[in-house]
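> I have a structure I would like to understand better, so I am pasting it below and will then ask my questions one at a time.
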Number of protein chains: 2
Amino acid sequence: MAGIKDVAAEAGVSVATVSRVLNDHPSVSPDARSRVLAAVAALGYRPNAVARSLRTDQTRALGLVISDVLNPYFTELARSVEEEARALGYSVVIGNADERPDLQDHHVRTLLDRRIDGLLVSPADGGSPLMLEAARAGTPMVFVDRWIPGLDVPVVRADGRGAVRDLVAHLHGLGHRRLAIIAGPAATTTGSERVEAFRAALAEYGVGLPDAYVGQGDFQAESGRRATERFLDLPEPPEVVFAADNLMALGALDAIRARGMRVPEDIALAAFDDIPWFVHTDPPVTAVAQPTGELGRAAVRALVDRIEGRTPRSVTLPARLVVRRSCGESDEGGEGTGRPGAGAPAGAPETPASRVQRSTP
Amino acid sequence: MAGIKDVAAEAGVSVATVSRVLNDHPSVSPDARSRVLAAVAALGYRPNAVARSLRTDQTRALGLVISDVLNPYFTELARSVEEEARALGYSVVIGNADERPDLQDHHVRTLLDRRIDGLLVSPADGGSPLMLEAARAGTPMVFVDRWIPGLDVPVVRADGRGAVRDLVAHLHGLGHRRLAIIAGPAATTTGSERVEAFRAALAEYGVGLPDAYVGQGDFQAESGRRATERFLDLPEPPEVVFAADNLMALGALDAIRARGMRVPEDIALAAFDDIPWFVHTDPPVTAVAQPTGELGRAAVRALVDRIEGRTPRSVTLPARLVVRRSCGESDEGGEGTGRPGAGAPAGAPETPASRVQRSTP
DNA sequence: ATCTCCTGTGTAATCGATTCCACGAGGAGG
DNA sequence: CCTCCTCGTGGAATCGATTACACAGGAGAT
């Protein structure tokens, strides 16, 4: 493969001049410039990014360590990250942690070895020594979706509290009083936050969240199935299962179907993270939708700001509720179809229409 | 960040010795080795992969240019590719072409500039000059799923003909005679092959495939919707729609639902590519399942063979039919529930049970 | 006409590793 | 005791770019 020396020879100039043309440095004569360009075209020369990176100490590549590529939420996130990065002139190298801290560390280490300019992470755990070390060492870094508390690293994420409150209002309005949640790993922020938001919203309606109604999941489908089976085995099973991510909702659907029960007649189901398939499941699933694409783009902008010496900002975007049929039918107003006395209590929060979308496929 | 020189100084040896220890070259004394190892640990030294790559002319990275990351089939493929690559000591850099040839070229160029050791591609088109040039220039390359004819590049893919024949047998047995297909872009191999396999299987049953029953799609959901609407507007609409990939099937489901029609009562639906969500759609979708994970692994093995000087082999694995409810109910035998006279004609191919799976969720 | 200053260009150092080659010490064989 | 290997080691070249520095030559100022 042709190198810069070949181009220089072909154009009858020095390598310095070739380099200057390539990086359009001002002081090159029009004549030399055109000869170099001609030589580049003739030889089909492409600069060696490896050599360039060694010299300039920048790779123009971003590392993205994602919790689970098979989760459509993260797939969409990855896609938007790549798009924005490309627009800003960066490539993205993806590492899939598969919700495993050891794999996550493997990828972080590999990416660091490859000297990526910055790291975008949605941690699968509470923070390994490696990650803490990298953050402290000053590696440009941004957390997306999940984060590790106590580190001075910008976080780009969605705040689901409002939408979860809307969801609880919706469920309460339908007359449901025994509500259960399948949580993610407590070591992740999204694992614990979603439970807390749910519990707080329930409290506003005077409804408690007993321990038996908090299932332990790991954001994978199989754990959703197991947690749901445990719920169904309870002497008094819940009327609603809220899964903290879409894959666990899938598992819950499996478990419910396996018992021959129907959604929403026998039990209601809702999920965190909205995905295109929820429109087509049987029944369509009510979900809390994150502005996924916007999160990915904001995360990249924050990271690139950090890399290029500007001050990065943390970003929190609101999630919103998308009502479908999996929790029961409701009329246009969304209230009044439940059991007698199921209206919102005095002092209960208003549900801004802007945050709730009724989806009737 | 500490470099090899710092390690050498710390250990009291030369950089050459440090390098030898790191690459476990035989001729290093046990004493020097342990001093170097201690220094490495003390400084937290990690070799700079960029510098190493420049010198050795290998990056131990593979490029994967995928047609569409949002398509769960490709997501799963990407995942298995990364797994196998990691097992063999390689990283994977993914580029998402979004079914756009220009984006595909962008990624191929970027990956080549970064001097990846080899390229795994599922072409979004019939072959751009850039790709042909790269293949001819001797870049280690393997095609996966789709390929470009006329190039001496190994291909790893699934052969869907048997499964499509099984599908047609299933549909014919259910009494369907007007069968339509939503094809992918003719420029892709999977775009044209699947239509041909379908047409050939129909011919075995004496059924034709009129032009009006061949919809033009681009492997994206929206095109599936449009093609389906066109089918439904026909004076004599088809009884079955077979979508050549899962996203177009999703679009078809949308279009059918939008007309207030039901699957399979009003119209039957089948898809190429099986995905986890098809179990939970309304109704569960009958699909041709590819051995996706095995394809990804085989593709990586072929590419690494090529890179490391062994002779790579093309691989073709059989797909199989997974019967669910979207084409109509059928009894255990899968035959005889259709209209009178709907049995398989004499000489029609046998349906090996091993290739057909009945899925009753 | 001489002195500056500016523009365009080339030479060479540099980034952080790998690796060829030379060399000294020490053991084996004669 | 001398020669010849082998083993362990270090010096220096190398990979392909970027860039600091030096410098030649022409324009403009005095």
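> Is the shape of chain B rounded, prolate or oblate, going by the alpha carbon gyration tensor and its root eigenvalues a ≥ b ≥ c, with a/c under 1.5 for rounded and a/b larger than b/c for prolate?
The shape class here is prolate.
> Here's another thing I want to ask about it. Quick check: residue separation of A:Leu37 and A:Glu204 times 0.36 nm, minus the Cα distance between them. What number comes out in nm?
53.2 nm
> Here is a follow-up. Please label the shape of the protein assembly as shown as rounded, prolate or oblate, based on the square roots a ≥ b ≥ c of the eigenvalues of the alpha-carbon gyration tensor (a/c under 1.5 means rounded; beyond that, a/b larger than b/c means prolate, else oblate).
Oblate.
> At 1.4 Å probe size, with no ligands or nucleic acids counted, give the accessible surface of B:Arg157 in Å², nearest ten.
Surface open to solvent at B:Arg157 totals about 40 Å².
> Another question, then. What accessible area per residue, rounded to a whole number of Å², is obtained for the stretch B:163-316 using a probe radius of 1.4 Å?
Heavy-atom accessible area per residue stands at 34 Å².
> At 1.4 Å probe size, put A:Ile94, B:Ile66 in order of accessible surface, largest to smallest.
Sorted descending by solvent-accessible area, the residues read A:Ile94, B:Ile66.
> How do A:Ser91, B:Ser27 stack up against each other in accessible area, from largest to smallest, with a 1.4 angstrom probe?
From most accessible down to least: B:Ser27, A:Ser91.
> Summing both sides, how much accessible area is buried between A and B? Use a 1.4 Å probe and give Å² to the nearest 100.
On the way: alone 17000 and 16980 Å², together 29650 Å².
That pair hides around 4300 Å² of surface in total.
> Which percent of the accessible area of the protein assembly as shown is formed by carbon and sulfur heavy atoms (probe 1.4 angstrom)? Present the calculation step by step, with values, prior to reporting the outcome.
On the way: 14920 of 29650 Å².
Ligands and nucleic acids excluded, carbon and sulfur reach 50 percent.
> Next question. What are the residues of the stretch B:34-64 that lose 50 Å² or more of accessible area, with a 1.4 Å probe, going from their chain alone to all protein chains?
By number: B:Arg46, B:Val50, B:Leu54.
> Mind listing, in residue-number order, the residues in the stretch B:269-295 that have at least 20 Å² less accessible area with every protein chain present than in their own chain alone (1.4 Å probe)?
Residues meeting the cut-off: B:Trp277, B:His280, B:Thr281, B:Asp282.
> Per the helix-only calculation at 222 nm, which mean residue ellipticity applies to chain A, given -39500 (n - 2.57) for every DSSP H run of n ≥ 4 and division by its residues, nearest 500 deg cm²/dmol?
Working: 12 runs with 146 residues, N = 361.
Helix-only estimate at 222 nm: -12500 deg cm²/dmol.
> What accessible surface, in Å², does a 1.4 Å probe find on B:Glu204, ignoring ligands, DNA and RNA and rounding to the nearest 10?
80
> Still on this model: Please list 3J(HN,Hα) in residue order for the stretch A:119-133, calculated via the Karplus relation 6.51 cos²θ - 1.76 cosθ + 1.60 where θ = phi - 60°; whole Hz, with x for glycine and proline.
10, 10, 9, 10, x, 8, 8, x, x, 7, x, 4, 5, 4, 4
> Another one. Using a 1.4 angstrom probe, figure out how much accessible area the stretch B:4-47 has per residue, in square angstrom, rounded to the nearest whole.
Details: 2580 Å² over 44 residues.
Counting only protein heavy atoms, the per-residue value for the stretch B:4-47 is 59 Å².
> While we're looking at this one, here's another question. If you count the DSSP beta bridges with both ends in chain A, what percent of them are antiparallel, to the nearest 5?
Antiparallel bridges make up about 10 percent of those DSSP assigns within chain A.
> Something else: In the full protein assembly as shown, how much of B:Ile307 is accessible to a 1.4 Å probe, in Å² to the nearest 10?
50
> Please report the net charge: other residues with Cβ closer than 15 Å to the Cβ of A:Arg301, K and R +1, D and E -1.
Taking every Cβ under 15 Å from that of A:Arg301, the sum is -1.
The values are calculated or read from the model by the stated rules, or taken from the named source; none is laboratory data. In this text, all values refer to a predicted model and were calculated from it rather than measured experimentally. Because the Cβ atoms are built from the backbone with ideal geometry, glycine has one as well, and the counts that use them run over all protein chains shown. These accessible areas exclude ligands, DNA and RNA; they are computed on the full protein's heavy atoms, side chains included. Shrake-Rupley method; radii C 1.70, N 1.55, O 1.52, S 1.80 Å.
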